[in-house]
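For reference, the structure discussed in these notes is given below.
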Amino acid sequence: MQFKKVEKKWRETWKKEGIYRTKDAVKGKKNFYSMVMFPYPSGDLHIGHWYNFAPADVFTRFKRMSGFNVLSPIGFDAFGLPAENAAIKRGIHPKTWTYKNIKTMTAQLENMGTMYDWDRRVITADPEYYKWTQWMFLQLFHAGLAYRTKAKANWCPKDRTVLANEQVIDGKCDRCGTEVIQRDIDQWLLKITDYAERLLQDLNGLDWPEKTKAMQRNWIGKSEGTTVKFMIDGLDVAISKETFKFMPHLIPSVLSGEKRITYRLEPKAVKTGDIVQLINHASKERFALARITKVVKDTMKHVSETQEGHEKFKTRKEFYATYSKYYDKKVVDDTDIWMYHMEVIDDSIDVFTTRVDTIFGCTYVVVAPEHRLIGTLQKQITNSREVSAYVAKARKKLERERMIEEKKKTGVELQGIKAINPFTGERVPVFVADYVLGGYGTGAVMAVPAHDERDLAFAKQFGLPIKTSIVAKDAAPADECMTEDGVLVDSESFTGMDSAAARTHMTAWLEHERRGTGKVNYKLRDWLISRQRYWGSPIPLVFCERCKARIESGEYKKGEFTKGELANPGWIGVAEKTLPVLLPTVKNYLPTEEGKSPLAHSKAFVNAPCPRCKGKGARETDTMDTFMCSSWYYLRYPDPHNAKRFADEKKLAAWLPADMYVGGAEHSVMHLLYARFFTKVLHDLKLLKFKEPFTALRHQGTILGPDGQKMSKSKGNVIDPDDLVDTFGADAVRMYLCFMGPYDQGGPWQPGGMIGIARFLQRVERLYDAHMQRASSAKRVTASASLKKALHQTIKKVGEDIGDFRFNTAVSALMILLNVMEDQRDSIDTETLEQFLVMLAPFAPYFSEELYRGVLGKKTSIHIAAWPKYNVRLSAEDEFELVVQINGKTRDTVRVSKGVTQERARELALASKKVRDAAPGMRIKKVIFVPDRLINLVIES
RNA sequence: GCCCCCAUGGCGAAAUUGGUAGACGCGCCAGUUUUAGGAACUGGUUCCGCAAGGAUUAGAGGUUCGAGUCCUCUUGGGGGCACCA
């Protein structure tokens with residue numbers, strides 16, 4: 001067959017006939033939404049894409065032929081860093097490069113013989129698409145799920161640019177080789193951690209690979225434990241009666257030490273050195289202690305906007321108005337004001353532990369280098385110089401270095417203070433060490449060297465005591481480090497309890513004493529979506545000084561600002577009507593200025609009126625993480641050209657959630673977790689009716705080079721699908737990819753394997769040509785019973801196998817049927833010829849269409865034909881090989897009809913010469929009979 | 001270090017889920033096609049053995065009438081996490 005010509009002919013015919021155009025509803029048919037992970041427009045479709053898309057397309061076609069109304073869309077994940085890298089390397093604008101690739105890849109995808117509905121193609125870099133990505137961001141922002149904070153970014157000091165993680169190779173910049181450092185930059189984060197528990201729980205109902213679910217569970221990393229308050233000894237402070245109240249939004253900055261002055265119009269009876277309580281104005285609860293370092297009495301006119309805590313006010317009038325309102329009295333230049341300088345101090349360390357049952361073995365406490373206490377207790381720590389030196393060093397260290405030094409634990413004792421174990425009253429030393437992470441739990445742990453490996457390593461290094469408080473239940477020989485649950489010893493009234501019970505009781509006691517509480521922690525971190533990059537969707541926010549001042553002074557109408565705007569004073573969401581915020585086409589798309597996106601250079605872009613007050617504003621210049629684009633694209637396919645809504649509600653209801661999603665296992669965590677998060681948020685905002693986007697998920701394996709290595713141009717082991725298509729045709733390539741092995745397995749490319757499929761197709765063609773010649777001699781044939789049986793067994797098997805993604809055995813079943821057909825080439829009836837082709841159609845769409853219309857003379861496409869029904873009666877075997885075993889060893893087989901009784905089977909077994917030879921004069925102890933399978937004679941030996 | 005997965009002929013693999021191990025395909029061997037050629041056809045092909053027969057699913061043990069399949073340990077390979085208290 002001249003496949004080049006055939007492929008082109010049918011491709012054009014199908015387009016003309018519109019057989020792949022999807023309707024949202026077809027009477028009498030259920031909808032089925034079958035998706036593949038859309039590709040990144042890298043330039044060329046490689047064999048990995050084929051392996052993802054071709055077998056998935058076989059599945060999709062099978063679903064359609066089985067009576068479903070199927071949606072099978074495709075698109076391009078077009079934004080992202082690789083386009084910028086390519087642009088830098090080749091001197092082509094990222095946009096030019098991306099759209100050129102989309103063009104070539106679209107053609108390649110069509111050549112594969114896939115049934116995508118091209119009218120629904122989405123490209124995430126199109127303004128009509130990213131308009132809604134921005135809209136999605138605004139939904140999250142206004143709902144209070146976005147916040148801005150300093151976050152670490154990879155920074156190359158030579159290139160003066162922010163790097164993505166993939167651009168950091170061995171801690172060095174992949175372009176210039178300079179050591180990369182971590183810098184803190186203000187960035188936007190999404191509160192995915194609010195959804196940690198639901199993201200974990202809802203995994204249970206999904207038809208996903210267990211491995212993938214396990215990876216997500218792992219990533220979310222739930223652990224249930226207890227926070228325990230260790231009071232600090234050595235403070236020797238008397239807390240004064242006076243208190244200072246703070247608005248909740250100021251508390252983080254007070255605690256972090258940014259704002260250490262409070263201004264009062266009425267004096268408090270405190271003097272320098274007094275310890276006061278700082279109280280949350282809303283909850284009335286104490287959140288910290290502070291030492292007064294200075295009290296100054298002055299008049300209002302001397303307070304300037306450069307003073308700490310008052311940098312923000314613009315005009316004096318505005319400033320006085322704030323006070324007048326708060327104190328309910330008129331404030332003028334001469335009004336007295338007291339300024340209290342203070343420093344926050346801590347009187348306790350909260351630690352998080354999952355093993356509170358081991359607390360009687362706690363011999364010291366460790367805080368992370370980032371821990372607030374190190375700053376707040378600076379005065380109490382007698383070796384504070386040594387401590388700050390350690391902290392400075394640890395904070396500068398890269399994650400990587402911490403890893404290399406894994407074995408060696410480092411740390412410094414905080415001399416001058418001790419922590420008090422709430423159960424024993426014991427005073428234990430406090431250390432700062434970088435093996436405790438600032439970002440997890442409370443950033444502090446109680447160390448139990450006898451029952452924790454890391455604590456043990458540290459204790460040994462520093463010669464700290466090791467105290468056993470748990471022993472194994474079964475009195476097994478004691479390990480040096482017994483980390484399992486067991487029974488408590490030396491634990492006062494808890495002695496003798498087992499670990500699980502002790503945890504419950506001890507946590508209850510702590511809660512009663514207000515010295516601790518049960519607590520669940522997650523490893524999952526919030527999602528950092530800011531990218532200081534050009535090729536991405538702009539973040540639709542404008543910063544407005546005036547609105548910020550109004551929010552901070554509290555002078556605004558209720559409902560004037562959204563939850564998100566109040567939580568991020570000054571950041572105002574762009575009005576929906578004015579979306580999208582277009583990504584300007586700029587000449588210089590390289591990030592240059594310190595930690596800023598290239599968009600920061602474009603005055604035309606930055607200058608924008610505040611969407612709220614129409615005053616002067618400045619746009620956010622960072623762009624969004626591309627995972628934002630791919631977190632909702634499955635919602636767009638049902639209605640890709642809708643300009644009024646991200647998708648029509650009815651169309652969403654018709655198709656979603658997606659019934660099948662196929663793609664690489666490398667997306668097991670990030671993409672799939674973010675997409676699930678989006679779906680849940682949109683559900684909560686009443687924009688979607690379902691909580692999970694992908695009901696079923698399958699992964700394809702990775703195809704390696706023939707040498708077993710990962711394919712790469714530099715290794716010269718890349719398999720080019722275009723070459724294969726030229727030699728064997730698209731159908732053979734599709735089918736071979738199905739036949740190679742289990743779909744989720746992958747493995748090295750077998751260069752010789754293709755030929756088997758090519759031969760198979762040739763044999764099919766020859767068989768059909770021969771049939772056509774015979775047909776002209778006009779002799780009707782009836783299929784033999786054995787051919788009928790083979791056909792119906794194949795119908796059953798191929799259908800079941802495709803449904804279960806076992807494409808390899810489905811192909812082999814077709815091969816077996818072809819072998820039978822060839823054996824009986826003179827008695828093949830038309831029905832068999834037709835049904836065989838229909839089963840072949842999902843695998844070899846061009847080839848089967850050519851024979852269907854060309855040889856069998858059909859008028860309509862094979863791809864809208866119905867999948868054949870198998871007949872149970874016809875496919876059933878009436879005989880089987882009865883296996884005769886002696887003591888479980890097969891000795892003979894006897895061909896008998898199905899339903900044979902045990903008695904008859906026993907007679908047959910005993911009649912076998914082989915059986916008698918194997919065990920002459922046997923004495924049967926027992927007979928095992930498995931109906932329609934085997935008989936096993938258990939004899940005395 | 002921790003967690004998860006995998007291991008079957010020369011190669012890719014299959015095995016009704018605890019019931020004849022090696023289907024199907026590649027490769028190889030022999031033959032056919034009155035020359036050659038192979039991306040044609042026919043037959044053979046787990047290993048040892050002429051055969052009868054025996055051995056065999058990385059290795060060792062166990063459960064069972066019966067184990068590729070279940071359990072324990074060991075070895076080798078792959079993936080994930082990475083000091084998460």
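The values are calculated or read from the model by the stated rules, or taken from the named source; none is laboratory data. Just so you know, these numbers come straight off a predicted model, no measurement behind them. Don't worry about glycine lacking a Cβ; one is built from the backbone with ideal geometry, like all the others, and counts go over all protein chains shown.
Here's a check for you: in the range A:664-680, which residue that is under 17 Å from A:ASN204 (Cα atoms) and within 8 Å of RNA strand B (Cβ to nearest atom) is surrounded by the fewest Cβ atoms within 10 Å (Cβ to Cβ)?
Taking the candidates together, the pick is A:VAL669.
For the range A:810-825, which residues satisfy the criterion of being near RNA strand B (Cβ under 8 Å from one of its atoms), more than 14 Å from A:LYS789 (Cα to Cα) and aliphatic (A, V, I, L, M)?
Across the range A:810-825, the qualifying residues are A:VAL811, A:MET815.
Pairs please, first residue from the range A:738-765 and of a type in the set (Ser, Thr, Tyr), second anywhere and part of a loop (DSSP other than H, G, I, E, B) and more than 7 Å from RNA strand B (Cβ to nearest atom), Cβ atoms under 6 Å, 6+ apart in sequence or on different chains.
Cβ pairs passing all conditions: A:TYR743/A:PHE805.
Filter the range A:511-527 for residues that are closer than 22 Å to A:PHE627 by Cα and either of a type in the set (A, V, I, L, M) or more than 10 Å from RNA strand B (Cβ to nearest atom) (or both) and give the result.
Of the residues in the range A:511-527, the ones closer than 22 Å to A:PHE627 by Cα are A:522-527.
Of everything in the range A:511-527, those that are closer than 22 Å to A:PHE627 by Cα and either of a type in the set (A, V, I, L, M) or more than 10 Å from RNA strand B (Cβ to nearest atom) (or both) turn out to be A:LEU524, A:ASP526, A:TRP527.
Can you work out which of the residues in the range A:459-493 that are at pLDDT 90 or above and on the phi > 0 side of the Ramachandran plot is nearest to the chain's Cα centre (by Cα)?
Here the answer is A:GLY463.
Suppose we filter A:VAL276, A:VAL228, A:VAL296 for residues that are surrounded by fewer than 16 Cβ atoms within 10 Å (Cβ to Cβ), modelled with pLDDT of 85 or more, part of a strand (DSSP E or B) and of a type in the set (A, V, I, L, M, F, W, C); which single one remains? Break it down stepwise before answering.
On the way: A:VAL276 fails: surrounded by fewer than 16 Cβ atoms within 10 Å (Cβ to Cβ); A:VAL228 fails: surrounded by fewer than 16 Cβ atoms within 10 Å (Cβ to Cβ).
The unique qualifying residue is A:VAL296.
Take the residues of the range A:432-475 that are among the aliphatic types (A, V, I, L, M) and away from RNA strand B (no atom under 14 Å from the Cβ): which is farthest from A:LEU377 (Cα to Cα)?
We begin by selecting, within the range A:432-475, every residue among the aliphatic types (A, V, I, L, M); these are A:432-433, A:436-437, A:444-448, A:450, A:456-457, A:459, A:464, A:466, A:470-472, A:475.
Filter once more, keeping what is away from RNA strand B (no atom under 14 Å from the Cβ): A:464, A:466, A:471-472, A:475.
Details: A:LEU464: 23, A:ILE466: 27, A:VAL471: 37, A:ALA472: 40, A:ALA475: 44 Å.
Looking at the filtered set, the residue picked out is A:ALA475.
For the subset of the range A:810-831 comprising residues that are of a type outside the set (A, V, I, L, M, F, W, C) and over 15 Å from A:PHE760 (Cβ atoms), which member is surrounded by the fewest Cβ atoms within 10 Å (Cβ to Cβ)?
So the first thing to find is which residues in the range A:810-831 are of a type outside the set (A, V, I, L, M, F, W, C), and the list is A:812, A:819, A:822-827, A:829-831.
Going one step further and asking which of them are over 15 Å from A:PHE760 (Cβ atoms), we end up with A:823-827, A:829-831.
Values: A:ASP823: 11, A:GLN824: 15, A:ARG825: 12, A:ASP826: 9, A:SER827: 14, A:ASP829: 17, A:THR830: 13, A:GLU831: 13.
Result: A:ASP826.
Of these, A:THR358, A:THR376, which one is closer than 29 Å to A:SER469 by Cβ and either buried (at least 24 other Cβ atoms within 10 Å of the Cβ) or more than 34 Å from the chain's Cα centre (by Cα) (or both)? I'd like the intermediate steps shown before the answer.
Numbers: A:THR376 fails: closer than 29 Å to A:SER469 by Cβ.
A:THR358 is the lone residue from the list that is closer than 29 Å to A:SER469 by Cβ and either buried (at least 24 other Cβ atoms within 10 Å of the Cβ) or more than 34 Å from the chain's Cα centre (by Cα) (or both).
Quick check on the range A:816-823. Is at least one of its residues part of a helix (DSSP H, G or I), among the acidic types (Asp, Glu) and farther than 22 Å from A:ALA730 by Cα?
yes
Looking for whichever is in a loop (DSSP other than H, G, I, E, B), modelled with pLDDT of 85 or more and charged (D, E, K, R) here; the options are A:GLU308, A:GLU266, A:GLU258. Which one fits?
On the way: A:GLU308 fails: modelled with pLDDT of 85 or more; A:GLU258 fails: modelled with pLDDT of 85 or more.
None of the others qualify; the one that does is A:GLU266.
Starting from the range A:779-800, keep only residues that are under 13 Å from A:LEU818 (Cα atoms), then list their pairs with residues that are modelled with pLDDT of 90 or more and among the hydroxyl-bearing types (Ser, Thr, Tyr) whose Cβ atoms are within a distance under 8 Å, requiring at least 6 positions of separation or different chains.
Here the result reads A:LEU787/A:THR832; A:LYS788/A:THR832; A:LEU791/A:THR832, each pair linking the range A:779-800 to a residue that is modelled with pLDDT of 90 or more and among the hydroxyl-bearing types (Ser, Thr, Tyr).
Is it true that A:LEU582 is closer than 30 Å to A:TRP97 by Cα, modelled with pLDDT of 90 or more and surrounded by fewer than 17 Cβ atoms within 10 Å (Cβ to Cβ)?
Here the answer is yes, as A:LEU582 does meet what is asked.
Out of the residues in the range A:314-335 meeting the condition of being of a type in the set (S, T, N, Q) and in contact (Cβ under 8 Å) with a residue 12 or more places away in the chain, tell me which one is surrounded by the most Cβ atoms within 10 Å (Cβ to Cβ). First the steps, then the outcome.
Going through the range A:314-335, the residues of a type in the set (S, T, N, Q) turn out to be A:315, A:322, A:324, A:335.
Now restrict to residues that are in contact (Cβ under 8 Å) with a residue 12 or more places away in the chain: A:322, A:335.
Values: A:THR322: 18, A:THR335: 16.
Once the filter is applied, the top-ranked residue is A:THR322.
Among residues belonging to the range A:898-913 that are exposed (fewer than 14 other Cβ atoms within 10 Å of the Cβ) and not acidic (Asp, Glu), point out the one that is nearest to A:GLU881 (Cα to Cα). First the steps, then the outcome.
From the range A:898-913, those exposed (fewer than 14 other Cβ atoms within 10 Å of the Cβ) are A:898-899, A:901-903, A:907, A:911, A:913; that's our starting set.
Then drop every residue that is not not acidic (Asp, Glu), which leaves A:898-899, A:901-902, A:911, A:913.
Working: A:LYS898: 9, A:GLY899: 12, A:THR901: 14, A:GLN902: 14, A:ALA911: 15, A:LYS913: 16 Å.
Ranking the candidates gives A:LYS898 first.
When the residues of the range A:504-557 are narrowed to those that are of a type in the set (Asp, Glu) and assigned to a helix (DSSP H, G or I), which ends up surrounded by the fewest Cβ atoms within 10 Å (Cβ to Cβ)? So that I can check it myself, show each step before the final result.
Let us first name the residues in the range A:504-557 that are of a type in the set (Asp, Glu), namely A:511, A:513, A:526, A:545, A:552, A:555.
Filter once more, keeping what is assigned to a helix (DSSP H, G or I): A:511, A:513, A:545, A:552.
On the way: A:GLU511: 13, A:GLU513: 11, A:GLU545: 15, A:GLU552: 17.
Looking at residues that are of a type in the set (Asp, Glu) and assigned to a helix (DSSP H, G or I), I get A:GLU513.
Could you tell me which residue of the range A:210-225 is surrounded by the most Cβ atoms within 10 Å (Cβ to Cβ), considering only residues that are outside any helix (DSSP H, G or I) and within 6 Å of RNA strand B (Cβ to nearest atom)? Steps first, please.
Restricting attention to the range A:210-225, the residues satisfying the condition of being outside any helix (DSSP H, G or I) are A:221-225.
The next check asks that each one be within 6 Å of RNA strand B (Cβ to nearest atom); those that pass are A:221, A:223, A:225.
On the way: A:GLY221: 14, A:SER223: 14, A:GLY225: 18.
So the residue we want is A:GLY225.
In this structure, is A:LEU206 in contact with an Asp or Glu (Cβ under 8 Å, 6 or more places away or on another chain) and either within 30 Å of A:SER668 (Cα to Cα) or modelled with pLDDT of 75 or more (or both)? Break it down stepwise before answering.
Working: in contact with an Asp or Glu (Cβ under 8 Å, 6 or more places away or on another chain): yes; either within 30 Å of A:SER668 (Cα to Cα) or modelled with pLDDT of 75 or more (or both): yes.
Criteria met by A:LEU206.
Check every one of the helices (runs of 4 or more DSSP H) wholly within the range A:352-458 and list those with 1 or more residues that are at pLDDT below 95 and at positive phi.
The helices (runs of 4 or more DSSP H) meeting that bar number zero.
Tell me whether the range A:778-791 contains one or more residues that are more than 13 Å from RNA strand B (Cβ to nearest atom), crowded, with 21+ Cβ neighbours inside 10 Å and at pLDDT 90 or above. Give the steps one after another, and end with the answer.
Initial filter on the range A:778-791 (more than 13 Å from RNA strand B (Cβ to nearest atom)): A:778-789, A:791.
This time we only want the ones that are crowded, with 21+ Cβ neighbours inside 10 Å, so: A:791.
Then keep just the ones that are at pLDDT 90 or above; that gives A:791.
So far as the range A:778-791 goes, yes, one or more of its residues are more than 13 Å from RNA strand B (Cβ to nearest atom), crowded, with 21+ Cβ neighbours inside 10 Å and at pLDDT 90 or above.
Inside the range A:181-205, can you point out the residues that are surrounded by fewer than 19 Cβ atoms within 10 Å (Cβ to Cβ), more than 30 Å from A:LYS393 (Cα to Cα) and away from RNA strand B (no atom under 16 Å from the Cβ)?
Across the range A:181-205, the qualifying residues are A:LYS191, A:ASP194, A:ARG198, A:GLN201, A:ASP202, A:ASN204, A:GLY205.
Consider A:VAL718 against the criteria (1) in contact with a Ser or Thr (Cβ under 8 Å, 6 or more places away or on another chain); (2) assigned to a helix (DSSP H, G or I); (3) of a type in the set (Val, Ile, Thr): it satisfies all of them except one. Which criterion is unmet?
Of (1) in contact with a Ser or Thr (Cβ under 8 Å, 6 or more places away or on another chain); (2) assigned to a helix (DSSP H, G or I); (3) of a type in the set (Val, Ile, Thr), only one is false for A:VAL718: (2).
Confirm whether A:GLY746 is under 24 Å from A:LEU814 (Cβ atoms), crowded, with 16+ Cβ neighbours inside 10 Å, of a type outside the set (Ser, Thr, Tyr) and within 15 Å of RNA strand B (Cβ to nearest atom).
Yes: the conditions hold for A:GLY746.
Filtering the range A:33-63 down to residues that are part of a loop (DSSP other than H, G, I, E, B) and aliphatic (A, V, I, L, M), which residue is surrounded by the most Cβ atoms within 10 Å (Cβ to Cβ)? Steps first, answer last, please.
Of all residues in the range A:33-63, those part of a loop (DSSP other than H, G, I, E, B) come to A:37-46.
Add one more test, that the residue is aliphatic (A, V, I, L, M), and what stays is A:37, A:45.
Values: A:MET37: 24, A:LEU45: 21.
For the range A:33-63, the residue satisfying everything is A:MET37.
Go over the candidates A:GLN773, A:GLN835 one by one and state the one that is assigned to a helix (DSSP H, G or I), under 26 Å from A:ARG11 (Cβ atoms) and either more than 9 Å from RNA strand B (Cβ to nearest atom) or free of Cβ contacts under 8 Å to residues at least 24 places away in the same chain (or both). Show your work before the answer.
Numbers: A:GLN773 fails: under 26 Å from A:ARG11 (Cβ atoms).
Residue meeting the stated conditions: A:GLN835.
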